[in-house]
Amino acid sequence: MTIKNAMVLAAGLGTRMRPITDTIPKPLVRIAGKPMIDYALDSLVEAGVETVVVNVHHHADQMIAHLGARSDVEILISDERSQLMNSGGGLAKGLKLLEPGPVFVMNADLFWIGEMPNSVSNLRRLAHFFDPTRMDMALLCVDMDRTTGHNGKKDFNLADDGKLTRYRDRDPFPVVYAGAIAMNSRLLDDAPDDAFNLNIYFDRAIEKDRLFGLSLDGHWITVGTPDAIDDAEGIIRQFTEKRSA
């Protein structure tokens, strides 16, 4: 399927990125000359997305101005300046701005590089993989060896059939959640109106054997602190040089 709607979670305070985030929101921090949120938005546009909701809170005016300069996709603002809603509450609020149906969900500060040239992109693969008859959510995942900036925490175990369970010590196929989901927005119809963590819905899906994962193509990057910027830009440089060689 082609998924035409998406939400990007971008309202966090970015406290670990201080002092940079004292003056700008974390999603606008530039990595290799490009604001982090634009890595996510570019991937969504490539995948055929036409409308994206972005939630804002910290330095919201800067976020709104930056997003308003894009003309390649319709962007709707979910304003959380009065109250931060956490990942789940922010998603539930933002999805109300979209027509019900299949949707991508992405984090504004997690992205990947190095997809194979002329191959189907990660998000298009994720949309094709998502089967709502068997799945509540399909998560893009990555093994630890293809991450930069990660703290080493293993999130899930990925079974041969694609099912995800919470990682336990010595599980054979540990993976990290890569910050992209394919799901149907109706999954959150029963969500509370206040702040909550999206992990609640991950665990519910696991209980029903309806949380699935797809391994991403390429290399995954997270930038949690100012010191991590150099590492991120270094790995981007490596991939750029390899491609041009």
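No value in this document is a laboratory result; all are computed from the given coordinates. Values in this document were obtained by computation on a predicted structure and should not be read as measured data. Heads up, the Cβs are rebuilt from the backbone with ideal geometry, glycines too, and the neighbour counts pull from every protein chain shown.
List of remarks:
- In sequence order, calculated HN-Hα J values of segment 155-161 (Karplus, 6.51, -1.76, 1.60; Hz; x Gly/Pro): 8, 9, 10, 9, 6, 4, 8
- Each Lys and Arg contributes +1 and each Asp and Glu -1, all at the Cβ; summed about the Cα centre of the chain, the dipole is approximately 180 debye.
- Separation of the alpha carbons by more than 31 angstrom is noted, of Lys93/Lys242; Lys34/Lys163; Lys34/Lys208; Lys26/Lys93; Lys96/Lys242; Lys93/Lys154, for Lys93/Lys242; Lys34/Lys163; Lys34/Lys208; Lys96/Lys242.
- Ranked Thr225, Thr148, Thr23, criterion: other C-beta atoms within 10 Å, fewest first: Thr23, Thr225, Thr148
- Relative contact order for the chain, counting Cα pairs under 8 Å that sit 6 or more residues apart, in percent: 25
- Measuring between their Cα centroids, segment 131-162 and segment 89-128 lie 14 Å from each other.
- Ellipsoid semi-axes for the chain, based on the Cα gyration tensor and the rule √(5λ), read 24, 23, 18 Å when sorted largest first.
- Put simply, the convex hull of the Cα atoms in segment 21-145 casts, on average, a shadow of 9.3 nm².
- Environment charge of Leu211, counting only residues whose C-beta is closer than 13 Å and scoring Lys/Arg +1, Asp/Glu -1: -1
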